[in-house]
Amino acid sequence: MTTLAADREIEHLMTLHPKGFDLSLDRIARLLERLGNPQDQLPPVIHIAGTNGKGSCAAFSRALLEAAGHLVHVHTSPHLVNWHERYRLAAEGGGKLVDDDVFAEAIARVAKANQGQKITVFEILTAVTFILFSEHPAEAAIIEVGLGGRFDATNVISRPAVSVIMPVSMDHEAYLGDRVELIAAEKAGIMKRGCPVVIGAQESETALEVLIETAERLDCPTVVYGQDFLAFEENGRMVYQDEDGLMDLPLPRLPGRHQFANAAAAIAAVKAAGFEISHRAAEKAMTSTAWPARMQKLTQGRLVELAPKGAEIWLDGGHNPGAGVVIAEALAEQEEKNPRPLILIAGMINTKDQTGYFSAFKGLARHVYTVPVSKSDAGVPNDELALRATEAGLSAEPVNSVADALMLLRDSWDGPAPRILIGGSLYFAGAVLDENGTPPT
């Protein structure tokens, strides 16, 4: 496989600058000033924070805007297989992942402007976002927060068209705090005085209170899921409701009941940002939204061929207890419609609550195969991960790889074709897509 020019640039940066996060805005603000403050030259920005659902909201927002005929840039993180996935540049007929030569040139330019000063690679790559998005024409930019909100490198955007806070739950406690209200306060840091705010469905009343109080203090026009807008299923359709009335829409293409709330937040966000969305555009968006490794059904590829005949295979990168709950609920819905034995193949990293994640599947999953995460130094050893699954009340055993798990299952399976969930980490999901030969496009 040929190493891409942008990958070489990033590998070089990795040798010069520390890995991980160093939450502060001083370094990136200094760098952006040297670059002419491209973050102030963007089209209207939909800025999205939250613990879970950020990527789905970004995907729905993109689909809505593109269905309405708008040119849209999208920045998401992390990537699954290639760094290029983080940057989708506006194009007629739908945005495209950044070309390698354009990406490599932008990285080199930003690194040169930094003049070797202390900075993180994520900050350099966020500056690259602003360079790319300011230099290529578009009518909107969707920008997902990397970590937290208040001190995330994307938070140099001073006047977003709308700030969106998706569900907040426990995650990244080492950086953001060990109580949900502290994490909510960090996420609320992307709100800017007087700029519209959309608050997505919150599982915690405490988090919701913090978000609403912050928005009120900053005089932000605010709409809140469950109060000002909502979505629900009726007669096999999704109904979206807000002060403008009802929209009767197809069920979202992304499976799982939690996607109703994510889609609703996106509709509310796009409207709050000042864009009109016709009923026809919303219908098209619900049926065209794609978001890799979020309840993604794998139907072909090298790994799929190793599974038991007729097996149904799902891939999801959700990695914390909150994500575990919504994934388990989505699989329980599948179970109601089409009963099959559920098998988990899981890989996780050591900064996550592994037992909390597995607990969501108690009584639902028949067995768990635990595997190492090859793409992260922080991967939990497969034998240790099996213990965490056992602590959550599941039957579990360690194996060396996803391929081994699928072949072991195929060779020993006797019964109706199983439903298989591969998940537990976005790093892991990315490695699976790579090995399967089906990377995001």
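Compute the distance in nm between two label points, each set 7 Å from the Cα along the Cα-to-Cβ direction, one at SER24 and one at LYS309.
The modelled label-to-label distance comes out at 6.2 nm.
What is the extension gain from GLU283 to GLU234, computed as 0.36 nm multiplied by their sequence separation minus the C-alpha to C-alpha distance, in nm to one decimal? Show your work: numbers first, answer last.
Details: separation 49, 0.36 × 49 = 17.64 nm, distance 1.52 nm.
16.1 nm is the gain from fully extending GLU283 to GLU234.
So how far apart, in nm, are the two label points at GLU33 and ARG193 if each is 7 Å from Cα heading toward Cβ?
For GLU33 paired with ARG193, the spin-label model returns 2.1 nm.
Consider a paramagnetic label point 7 Å from the Cα of TRP413 along Cα→Cβ; state which residues of the range 295-330 have an amide N under 12 Å from it.
304-314
Could you list which residues have their amide H under 5 Å from that of ILE422, counting only those 5 or more apart in sequence or on another chain, with H placed in the peptide plane?
TRP314, LEU315, ASP316, ILE345
For a quick protection proxy, order the peptides 332-342, 267-277 by their average other-Cβ count within 10 Å, most packed first. Before the final figure, lay out the partial values.
Values: 332-342: 13.6, 267-277: 21.0.
Order by mean packing, descending: 267-277, 332-342.
Say the dipole of the range 340-415 comes from +1 at the beta carbon of Lys and Arg and -1 at that of Asp and Glu; which of VAL399, PHE358, ALA389 then lies farthest toward its positive end?
Farthest towards the positive pole: PHE358.
Give me the orientation-averaged projected area of the Cα convex hull of the range 296-436, in nm², one decimal.
So the Cα hull casts an average projection of 7.1 nm².
Provide the descending list of Cα extents for the chain along its principal axes, expressed in whole angstroms.
If we take the Cα atoms of the chain, the spans are 63, 54, 43 Å.
Using the Karplus curve 6.51 cos²θ - 1.76 cosθ + 1.60 with θ = phi - 60°, work out ³J(HN,Hα) for each residue of the range 292-303 in order, rounded to whole Hz, and write x for Gly and Pro.
x, 6, 10, 6, 8, 7, 8, 10, 8, x, 4, 6
How would you order 182-190, 407-415, 307-315, 52-60 from highest to lowest mean count of nearby Cβ atoms within 10 Å? Walk me through the numbers before you get to the answer.
On the way: 182-190: 23.4, 407-415: 12.2, 307-315: 18.4, 52-60: 26.8.
The most tightly packed comes first, giving 52-60, 182-190, 307-315, 407-415.
Can you work out the Karplus-derived ³J(HN,Hα) for every residue in the range 105-116? Use 6.51 cos²θ - 1.76 cosθ + 1.60 with θ = phi - 60°, whole Hz, and x for glycine or proline.
5, 5, 4, 4, 5, 5, 4, 5, 5, 6, 6, x
Where Lys and Arg each count +1 and Asp and Glu each count -1, what net charge lies around GLN334 among other residues with Cβ under 9 Å from its Cβ?
Numbers: positive: LYS337, ARG340, ARG419; negative: GLU312, GLU333, GLU335, GLU336.
Surrounding charge for GLN334 is -1.
Using +1 on the beta carbon of Lys and Arg, -1 on that of Asp and Glu, and nothing else charged, what's the dipole of the range 5-288 about the Cα centre, debye to 20?
Working: 26 positive and 39 negative charges, 115 e Å.
That gives a dipole near 560 debye.
Report the paramagnetic label zone for GLU139: residues of the range 52-90 whose backbone N is under 11 Å from a point 7 Å from Cα along the Cα-to-Cβ axis.
Answer for the range 52-90: 65-72.
Residue by residue through the range 52-64, what is 3J(HN,Hα) from phi via Karplus (6.51 cos²θ - 1.76 cosθ + 1.60, θ = phi - 60°)? Round to whole Hz and write x for glycine and proline.
10, x, 4, x, 5, 4, 4, 5, 5, 4, 4, 4, 5
Give the peptides 127-138, 238-249 in descending order of average Cβ contacts within 10 Å, highest first. Write down the numbers at each step before the final one.
Working: 127-138: 21.5, 238-249: 14.9.
The densest-packed peptide leads the list: 127-138, 238-249.
Quick note: the coordinates plus some simple rules give every number you see, no bench work behind them. Nothing here was measured: the structure is a model prediction, and the numbers come from that model. Counting neighbours? That spans all protein chains shown, and the Cβs are built from the backbone with ideal geometry, glycine included.
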